[in-house]
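These notes concern the structure reproduced below.
Where a number appears in this text, it was derived from the coordinates with a stated rule and is not lab data. The model shown is predicted, which means the values in this text are computed figures rather than measured ones. Here the Cβ positions follow ideal geometry from the backbone for every residue, glycine too, while neighbour counts run over all protein chains shown.
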Ligand code: PXP
């Protein structure tokens, strides 16, 4: 059964637009789980542009929510994450000027650093995932780094689908990577830019066990409500 993780960063974006306390990401986390999400993703960015430290601490403290904390490999952030103690960690590249995460991690450049970080998280019993581009080389490197999971960046296929361009080549790339990861005993997740249509296309890949979706879910909930969007996604990933 495929799982749905919901990224609630943009609940904090809306809250921060007013500098007040509503809508509170903590209540959003409880709410999405009540409505059927399997886990919650929050990205504690170096510039704290949406989720802040207090949100992360509060959300990770509640036993009712499985939390996937996205972080960069910055030493301070890694130290902070070990204190916050989420259930899961997803390591992502981070660039101050980007609007959202652009591309996967550079596993070659940061091999040694990543290995050390993963080891630390493993000692703390935190499931660790690497956000990577769909590349066979990166799947093999993720195995060398002893990652529990990979989250395959689906931004490219999402853009192709949205602009009604041919996406089969990218789909095949994701499929081949998912099959290899599965054979190597690495759990496969998918995320970035996903909407109903691209998620449905990706459900054909049986090796993908978890989808992490944020912006579309929060945006669509303006029109049909969060619980209806979650129900729709649960239906899509069930088939
Ligand atoms: N997965 C990862 C690793 C991400 O960095 C993001 C964006 O923060 C997402 C999933 C969610 O992407 P989107 O908001 O486009 O659904």
Taking 7 Å along the Cα-to-C-beta vector as the label spot, tell me the residue 119-residue 14 distance in nanometres, rounded to one decimal. 4.4 nm
Peptides 11-22, 99-110, 37-48 ordered by average Cβ neighbours within 10 Å, highest first: 37-48, 99-110, 11-22
Within a 10 angstrom radius of the beta carbon, how do 221, 227 rank from fewest other beta carbons to most? 227, 221
Rg in Å to one decimal, and Dmax rounded to a whole Å, for the chain via C-alpha atoms: 16.7, 48
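Arrange the peptides 119-125, 140-146 so that the one whose residues have, on average, the most other Cβ atoms within 10 Å appears first. Working shown, then result.
Values: 119-125: 13.4, 140-146: 17.6.
Per-residue mean Cβ counts within 10 Å order the peptides as 140-146, 119-125.
Based solely on its DSSP helices, what 222 nm [θ] is calculated for the chain when runs of n ≥ 4 H residues each add -39,500 (n - 2.57) and the sum is averaged over all residues, nearest 500 deg cm²/dmol?
Values: 11 runs with 115 residues, N = 239.
Result for the chain: -14500 deg cm²/dmol, rounded to the nearest 500.
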Hey, could you grab the Kirkwood Rh for segment 138-239? Inverse mean 1/r over distinct alpha carbon pairs, Å, one decimal. 14.2 Å
What spacing in nm lies between the two simple spin-label points modelled at residue 61 and residue 223, each 7 Å away from Cα in the Cβ direction? 3.8 nm
Could you rank the peptides 149-158, 162-171, 85-94, 178-187 by their average count of other C-beta atoms within 10 Å per residue, with the highest value first? 149-158, 85-94, 178-187, 162-171
What percent do you get for the relative contact order of segment 176-219 when only Cα pairs under 8 Å and 6+ apart count? 45 percent
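On a full-extension model of 0.36 nm per residue, what is the gain between residue 1 and residue 74, subtracting their alpha-carbon distance, rounded to one decimal in nm?
Working: separation 73, 0.36 × 73 = 26.28 nm, distance 3.39 nm.
The residue 1-residue 74 span can extend by a further 22.9 nm.
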